[in-house]
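Read through the structure below, which is laid out as structure tokens, and then see the notes.
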Amino acid sequence: MDSTASPTREVPAAPGRASRILLVDGQQIFRHAMRMLFVDGTAFNVVGECGTARAALELADVLQPDVVITELQLPDTQGVELIEQLRARQPRAAILVLTTLRARERVAAVRRAGAHGYLLKECGRAELLSAVRDVAAGRRYRTRALSTRAPRGRALRGGAQFGAQAAMLTERQRTVLRSLALGYRTREIAQMLGVSVRAIYRQRESLRNTLQLNSTAALTRFAVYEGIAEDCPAER
């Protein structure tokens, strides 16, 4: 199937009747299948689709969608770049990433770029519609497939212990942990909080000791598992 097929448009939906959706994916057959998920009984209207970032920007300018659902792997660019451009040109549009990529660092990257949600293509129709409802309403969405995994080396049966440990954290520790999970560097966190780099290093060491986790990757997994990474994320 031609991944760079010409974009298609439809007559815009009547205002106030349904959220307007733009689909962006390099596989035409997948876009067709996606359209089928939004027919009958949903509060959404697919007003356009395309297979490249360039076409997505052009259609977004014309169609003014409420929600853009996009893959990260596109023929002409990486999805993070598209997200940044869409946010600059269409700041009112919610962006939902729908991808096969499970890497947690990608989640942090798309959040920083301005995406409102991250969803895996293995999800079912119910979760997809729930995610679109959330981002259309201005809420963030975190896919269940990435949020239900425990930190490496810890079994899920330790969930109660994790919760107790999270409750012990100070607000400053939660802020530092959240920022680390979202991919910010130590120097950036120090600048955001108005403290020294050394102070952030001390906070990181304190977090490792309190949570008994010996790496930034483990701290990140803990933050995602406990939902700390979703609490009022830091802005650049």
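Per residue, the solvent-accessible area of region 81-121 (1.4 Å probe, heavy atoms of protein chains only, all protein chains present) comes to 42 Å². Annotation note: GluC sites (Glu not before Pro) in region 48-150 located in DSSP loop regions with a Cβ neighbour count of at most 13 within 10 Å are Glu122. Estimated at 0.36 nm per residue, the fully extended path between Leu101 and Ala43 surpasses their Cα-Cα distance by 18.1 nm.
The values are calculated or read from the model by the stated rules, or taken from the named source; none is laboratory data. It should be emphasised that the depicted structure is a prediction, and the values quoted were computed from it without experimental measurement. Using ideal geometry, Cβ is built from the backbone for each residue, glycine included, and neighbour counts are taken over all protein chains shown. Please note that ligands, DNA and RNA were not included when accessible areas were found on the heavy atoms of the full protein model with its side chains. Shrake-Rupley method; radii C 1.70, N 1.55, O 1.52, S 1.80 Å.
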